[in-house]
1. Multiplying the sequence separation of Gln98 and Asp37 by 0.36 nm and subtracting their Cα-Cα distance, what value in nm do you get?
2. Please give every one of the lysines within straight-line cross-link reach of Lys56, meaning a C-alpha to C-alpha distance under 16 Å, and leave out same-chain neighbours fewer than 8 residues apart.
3. What is the distance in Å between the Cα centroid of segment 69-112 and that of segment 35-56?
4. How large a share of the accessible area of the chain, in percent, is made up of carbon and sulfur atoms when the probe is 1.4 Å and the other protein chains stay in place?
5. Within segment 10-55, report the trypsin sites (Lys or Arg not before Pro) that DSSP leaves as loop and that have at most 14 other Cβ atoms within 10 Å.
6. Please calculate how many Å² of accessible area the chain carries per residue, with a 1.4 Å probe and no DNA, RNA or ligand atoms counted.
7. Ignoring solvent entirely, what values of log10 I(q)/I(0) come out of the Debye formula for segment 49-110 at 0.15, 0.18, 0.22, 0.30 Å⁻¹ when each Cα is a single scatterer?
8. Could you tell me, in Å, what Rg and Dmax come out for the Cα atoms of segment 3-112?
Amino acid sequence: MSERSEAKERRPLTPDEIKRMVIGLRGYIVNIRIGMDNPRYRQVILWFPHIPSPLKPDNLIGRIVEIRWKGKVFRGRIYRKHGKRHVRAMLEKGLPGQVLVETHNVEVVIVG
């Protein structure tokens, strides 16, 4: 079979299949969202390097994210894409600036 016929035979993923593939996915904080006058500490730009091949960052929108740092947990929701490979998350509480310096100690996980 040619690649074209295989592409036609693939069916779209169901929401349950997407949820199973996405939960537990680990990523990184790229930066906080910075405006012209003031930074927005509740909005974070995230990158998930190991997204399974049939998924795109669009499939992460609406998912709940937990950021764990020094025994503290910051929860939020992915609400929008940011470029081709990144997404934005709106957190319930703002992140301290030290999180950006200690990125090797920060754990970002999709939990729902």
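The values are calculated or read from the model by the stated rules, or taken from the named source; none is laboratory data. From a predicted model like this one, the values you see are computed outputs, not experimental measurements. Quick reminder, even Gly has a Cβ in these numbers, built from the backbone with ideal geometry, and neighbours come from all protein chains shown. These accessible areas exclude ligands, DNA and RNA; they are computed on the full protein's heavy atoms, side chains included. Shrake-Rupley method; radii C 1.70, N 1.55, O 1.52, S 1.80 Å.
1. On the way: separation 61, 0.36 × 61 = 21.96 nm, distance 2.02 nm.
Full-extension gain reported as 19.9 nm.
2. Lys19, Lys81, Lys84
3. Between the Cα centre of segment 69-112 and that of segment 35-56, the gap is 8 Å.
4. On the way: 3850 of 7680 Å².
Looking at the chain in its full context, I get 50 percent from C and S.
5. Values: sites: Arg10, Lys19, Arg20, Arg26, Arg33, Arg40, Arg42; in loops: Arg10.
Sparse-neighbourhood loop trypsin sites (Lys or Arg not before Pro): Arg10.
6. Details: 7680 Å² over 112 residues.
Per residue, the chain has an accessible area of 69 Å².
7. Debye intensities relative to I(0), on a log10 scale: -0.49, -0.69, -0.97, -1.32.
8. Every Cα atom of segment 3-112 included, Rg and Dmax give 15.4, 52 Å.
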